[in-house]
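Values in this text are rule-based calculations from the coordinates and carry no lab data. Computed from a predicted structure; not experimentally measured. Cβ placement follows ideal geometry from the backbone for every residue including glycine, while neighbour counts extend to all protein chains displayed.
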Amino acid sequence: MPILIQVLSEPKKLQNLTMSQWQVLLSQAKASQLVGRLNYLMDIQNYTKPSYVKWHLESAYKVAEKQRKQAIVEFLEVPSTLKNATSTLIFLKGAAYIAKNLPCSFGRTFSDIDVLVKKQELRKIETILKFSNWLKTNVDDYDEQYYRTWMHEIPPLYHETRGSVLDIHHNILPSTNKHQPSADKFSTTSVFIEDVGNIDTLDDTDLCIHMAVHLFTESEFHHGLRDISDFDMLLRHFQKHDKRFVEKLIQRAQYLGLYDYARLAIRYSHIVMSTPLSSTTLESLQSNSLFVTFFEDFCFCNIFKPNHSSCRNWKMGLAEFLLYWRGHILRMPLKLLLPHLFRKTYKRTKDYFKQDKDLTQLP
Amino acid sequence: MLAQFTLPIGPFNFSIKTDNTAVVKNLSSLYGDYHFSDDSPFIDFPITITTRSLVRRFIKPQVDFFLDEFAPFKPLPKDQSFAMLEWGMNWCITTQAHQFLIFHAGTIEKNNKVIIMPAEQGSGKSTLTAAMVYSGWRLFSDELALISVTDELVYPCTRPINLKNNSIDVIDNFVDNAVFSTIAKDTHKGTVALLKPPKASVERMFEPAPLHCIVFPKYVANSEAKLTPINQIDTFQQLIQHSFNYHILGEQGFHLIASLLKNVACYQFEYSDFEQAKKLLSSLVD
């Protein structure tokens, strides 16, 4: 088992590692964007950090803390900019972990702030943001069209002076997806943020379900290990306060019609990250079909690994391939998928030959 | 891979793997004075310079820079490979070493007193740094001033000096027996060559020293060398503009600059002649 996964599932192993173990661990953690998390896990236990690795851990943590501060600024700015345009504004994912001060938010970096709004209010929201210095990122016409027709979010916006990136969702999943959970059914909760006031985010169970839905509809798992570790930390944290949390989570997912995603997340969080679960829960989490269980176990046990040469093998490559197609087929019917992939391949080839022209991005 | 080098550079350990003959040749000549006492130190930045695409080994050859397995930049033409390594090393430090507040500045030391010279790209700070370190000052860096957030000392990051365009000839004339890397033409910074650092500076690259003075240098053709004191608020603002990670350190960075400015003098510095510059800068630390 990769050393990174060993220490994430059992942080006490972070004591007494040798220098060569740290060398591998740090490489794996950097490739998985989990260096800040290691720092957090060591700090809460008061573990001593060897001098040669201390600054690596703490630098990553500083970057995450900077993002936390920036997110808190946006908790104030975005709702106040949009106060006359929205009836609901719900912070999701990384921003929600910060808002709720969850353990997995510490040392965690993210690229954008995700919010959920009502689709019918989208037009007004976009107009107001445009006049409040939120600019469009560089998205070409095809992508723009694709976003508008099929996606559950609009192309990301970035703030001209603050540099934050805002991802505006108006639904849970793309409209091409097989499952179509209604965003209205998700239940929200209001949290108080110091110096900001109250903002809305999903309540505990729905936060976990939303995360599971996104992780298990992916086709590329660039942050797969980070995400399953997030989920593990969410479960461990909520279970500490409510022993029946996982049962409630499963019931809630059934009610929302998203049981399958919750099942996968809980099962692989347990298998990969050793999340503590009761044996009855565990048994209930298998798929009915032996073949499906075999397929899922193979794919997910191999994909949730550090993307680093120290643990890459043919199984991981095969899992990547299978999950890429699984993700795309879940996400859209073949008659949409094939032209889309053709278009993307064409564009990638064209860009490859164009790249000589612009090389001036070095410091 | 053709070769692997393990280089201690001040507070960092780099390892550099490459199959590129130009990189090997330049590393051997410019980093000839660097060595480890230890056989297998902890490597902070494992770097590889190689060509990703098989096609690009032969047609319009290119090179890639990898930090571990991650390629942060687009490939560059092969004749820029050594320059790319140096730029990439700067990138490693400025994006990850947040135990330091880092300024874009030439940094030199004499009598255990450090002067940092923050300036824009192309203002002549590397040229001035090169001239000073070959006139009795110790080289910390021609690009990066690393100030520790814990002990507030300046740490050396002694490496070859990056010279551009006319500066290459200017320094070649000024320094006896200067050793340069191969010259890379038509880079995004123009023609670039790297100058070997003085041996005495390399030997003392693990010795930090306190900050004594902040000098904002500006080359003005035919001018008399002149130091003009500037106030702390202006210095503060200019320093922030020249910092790589002030925005990440936030409050910690603010308090560090505030504390430094209590004890150091700050000047604008105009110069055109190295001899005059030498005299004036030395007067600050004597």
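Below is a table of values for the structure above.
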read-out: Environment charge of residue B:182, counting only residues whose C-beta is closer than 15 Å and scoring Lys/Arg +1, Asp/Glu -1; value: +1
read-out: Under Karplus coefficients 6.51, -1.76 and 1.60, residue-wise ³J(HN,Hα) of the stretch B:256-270 in Hz, glycine/proline x; value: 5, 4, 4, 5, 5, 5, 5, 10, 10, 8, 10, 9, 8, 9, 9
read-out: Neighbour-count order for A:237, B:247, A:210, A:169, fewest beta carbons within 10 angstrom listed first; value: B:247, A:237, A:169, A:210
read-out: Cβ neighbours within 10 Å from other chains - mean over B:89-99; value: 3
read-out: Choice from B:190, B:106, B:136 showing the highest fluctuation, given a GNM over chain B with Cα pairs closer than 10 Å; value: B:190
read-out: Length added when fully stretched, residue A:101-residue A:119, from 0.36 nm per residue minus Cα-Cα; value: 3.6 nm
read-out: Whether the protein assembly as shown is rounded, prolate or oblate, judged on the alpha carbon gyration tensor where a/c under 1.5 counts as rounded; value: prolate
read-out: GluC sites (Glu not before Pro) lying in DSSP loop within the stretch A:260-354, provided at most 10 other Cβ fall within 10 Å; value: none
read-out: Over chain A: helical MRE at 222 nm, DSSP H runs n ≥ 4 each giving -39500 (n - 2.57), nearest 500; value: -18000 deg cm²/dmol
read-out: Part-to-part distance (alpha-carbon centres) for the stretch A:174-197 and the stretch B:145-175, which is given in Å; value: 52 Å
read-out: Chymotrypsin sites (Phe, Trp or Tyr not before Pro) restricted to DSSP loop in the stretch B:1-45 with at most 16 other C-beta within 10 Å; value: B:36, B:42
read-out: Formal net charge of residues neighbouring residue A:162 (Cβ-Cβ distance under 9 Å; K, R +1; D, E -1); value: -3
read-out: Net length gained if the chain between residue B:185 and residue B:29 were fully extended (0.36 nm per residue, minus Cα distance); value: 54.2 nm
read-out: Highest-MSF residue in chain B out of B:209, B:145, B:200 [GNM, Cα springs under 10 Å]; value: B:200
read-out: Amide H contacts of residue B:209 (H built 1.01 Å from N, under 5 Å, at least 5 apart or other chain); value: B:154
read-out: Sparse-neighbourhood loop sites, trypsin sites (Lys or Arg not before Pro) in the stretch A:42-95 - DSSP loop, at most 10 other Cβ within 10 angstrom; value: A:83
read-out: Ellipticity estimate at 222 nm from DSSP helix runs (n ≥ 4, -39,500 (n - 2.57)) divided over chain B, nearest 500; value: -9000 deg cm²/dmol
read-out: Lys, Arg +1 and Asp, Glu -1 on Cβ, resulting dipole of the protein assembly as shown about Cα centre, debye, nearest 20; value: 1300 debye
read-out: Estimated vicinal HN-Hα couplings, Hz - the stretch B:40-46 in sequence order (Karplus 6.51, -1.76, 1.60; Gly, Pro = x); value: 10, x, 6, 8, 7, 10, x
read-out: Virtual spin-label span in nm between residue A:325 and residue B:276, 7 Å along Cα→Cβ; value: 7.5 nm
read-out: Residue-wise HN-Hα coupling along the stretch A:18-28, computed from phi with Karplus coefficients 6.51, -1.76, 1.60 (Hz; x: Gly, Pro); value: 7, 4, 6, 5, 4, 4, 5, 4, 5, 4, 5
read-out: 20 Å Cα-Cα reach of residue B:279 towards lysines, excluding residues that sit fewer than 8 places from it in its own chain; value: B:110, B:113, B:125, B:218, B:226
read-out: 10 Å Cβ neighbours from other chains, averaged over peptide A:55-63; value: 5
read-out: Residue range of chain B that is longest and free of GluC sites (Glu not before Pro) which are both DSSP loop and sparsely packed (at most 14 other C-beta within 10 Å); value: B:1-119
read-out: Ascending count of other beta-carbon atoms within 10 Å, so fewest first, for A:279, B:29, A:187; value: A:279, A:187, B:29
read-out: For residue B:9, residues with placed amide H under 5 Å, excluding near neighbours; value: B:14
read-out: Residue with peak Gaussian network fluctuation, chain A [Cα springs, cutoff 10 Å], from A:116, A:89, A:290; value: A:290
read-out: Distance (nanometres) between label positions extended 7 Å along Cα→Cβ at residue A:127 and residue A:162; value: 2.3 nm
